[in-house]
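Read-outs throughout are calculated quantities, based only on the coordinates presented, and are distinct from any laboratory measurement. Computed from a prediction, not measured in an experiment: that's the story for all the values here. As a convention, Cβ positions derive from the backbone with ideal geometry for all residues, glycine included, and neighbour counts pool all protein chains shown.
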Amino acid sequence: MPLFFLSYLFVIDFVKIVGFLVWFFACVAFAETSAAPEAGAAGCADGTVISSISFEGLEHTKPRVVERELLNKVGEPFSAEKFEAEKLRLQDLDLFTEITITCTSAAPQPTNLEPRASSLTYSFKEIFRWIPSPAGKETDRDGLMLGLALANLNVLGEDIRAEVQYRTSTDPFLDNNEYALYVSSPYFFGLPLGWNFEFLRTDSYDDIRGYQDDSWLVDLDLDYALLPHLSLLGTLAGRILEKAAFLPEFGLGFAFDYRDSKLDTRKGVYYEYMLTHVGGTDEDKGAESMGSEDYWELLTDARAYFTMSRFVTGATALSRFRPGDVKFYDYYYHGGPNTFRGRGGTSLGGEDDEADSVRLGVHEVLLTLEERFVLMERHAASVLGVNFFYGVQLVAGLDGSLLWDKGHPGWDDYEGAVYGGVHLVIPALDRIRFEVGYRPDRGEPAFYFGLFDKVTSSRWRSR
């Protein structure tokens, strides 16, 4: 049976997703939508010398945010290949729904021997900047959490994203709560130093690991572009967990990034290695103490993508090995849209496949082989003056899960599943995932709803 046949299984659980799909396609129906994907370089021929560069449509974005992503330069011949590459870089900023360029011929050259010169104009249509909206998060522990959020995608026009959120569990309703502040940017005062600051307050009962997660977390992640495809990484965090010692974290690493785009990658490879130390304090919390941790985490994150026509093949592997003293409250769990789409979720009969403590472990490996069919390329649209974009992809793939406590993993620690579904590509969240997973030994497909790409949500699911 072809893997893509599995992508049609999602219609069986139509009742669970019809509300969102009706809302989404209603917006599209009333939207002012471009008839085709973004236009290319109108009137710009390769080899044309660029005499000047100007911008149109930058109402809320400062020109330097765009200029630092450009590959075509004044005084150099125009290259359509460079434009396609820089358009992907600009799309990665998640600030624009449309990016086009036009060429205007300059004054005639004195002789035919001199190359023709043109002025280059980049035209932008900006995404909505302020987003008062519902907030969502899908975790293996708490399931779907909903709430309210207020985000600014472009603070001061400097490509700084700030967001505050309140989220609560939907089942049981209002029992588990989170309060969050996120601030991030790919630059710091003009330096290629990406940074992401996170503050998270959690009040949630963890029924998988069996403790009350009453905690405060402050985290700062840094990404310095040392070379065009090589970055140095750093992380510094502190966590206060009730009935446990103060848990500091610090780590260093590096990443090679040869992807064509960080969002909706179509080709290229990514490899990251990170070494982090967690804990090391011995604060005594008394008889009810959950104990202190002291361990190292060796993380590797490898991804590879290849595209042929509308088919995008992706292979990813995330592994985390943690020698040292890891307490039960930080054990990994596999099951759900962010880890292993063969456990957890909702059966197509309507019953929840409750998460349990069977699949807990100190070390983990997550493997995914995914095929995506681009049913609809990214299109720009506008509803009541609010600009956004959307795309649709059919997906099918294989999930592999390795989870173990000590030594080396064996076949008893491995589980596998197949899955298929539909992804909606949108701003801010990257994508919304509707998927159906099937594990042969379970015997019944289960429905999963996820936000962001799985390779993204797998990294921060424990937060």
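Which of the residue pairs LYS125/LYS267; LYS62/LYS262; LYS62/LYS82; LYS267/LYS327 have a Cα-Cα distance greater than 29 Å in the structure shown? Long pairs (Cα-Cα over 29 Å): LYS267/LYS327. Taking trypsin sites (Lys or Arg not before Pro) across segment 287-321, the ones in a DSSP loop with at most 16 further Cβ atoms lying within 10 angstrom of their Cβ are ARG310. Applying 1/(1 + (r/R0)^6) with R0 = 41 Å to the Cβ-Cβ distance of ALA80 and THR456 gives a FRET efficiency near 0.85. In terms of its C-alpha gyration tensor, segment 298-338 comes out oblate, because a/c is 1.5 or above while a/b does not outweigh b/c. Couplings 3J(HN,Hα) for segment 193-200, derived from phi with the Karplus relation 6.51 cos²θ - 1.76 cosθ + 1.60 (θ = phi - 60°), are 10, x, 9, 9, 9, 9, 10, 9 Hz, where x marks Gly and Pro.
Each peptide among 451-459, 188-196 gets the average number of other Cβ atoms lying within 10 Å of its residues, and from highest to lowest they stand as 451-459, 188-196. Residue order for SER319, SER309, fewest other beta carbons within 10 angstrom first, comes to SER309, SER319.
Spin-label model, SER309/ASP171: points 7 Å from Cα along the beta carbon direction are separated by 4.0 nm. Ordering of 404-413, 246-255 by packing is 246-255, 404-413, highest average first (other Cβ atoms within 10 Å, averaged per residue). By the count of other C-beta atoms within 10 Å, a proxy for reagent exposure, TRP130, TRP216 are ordered fewest to most as TRP130, TRP216.
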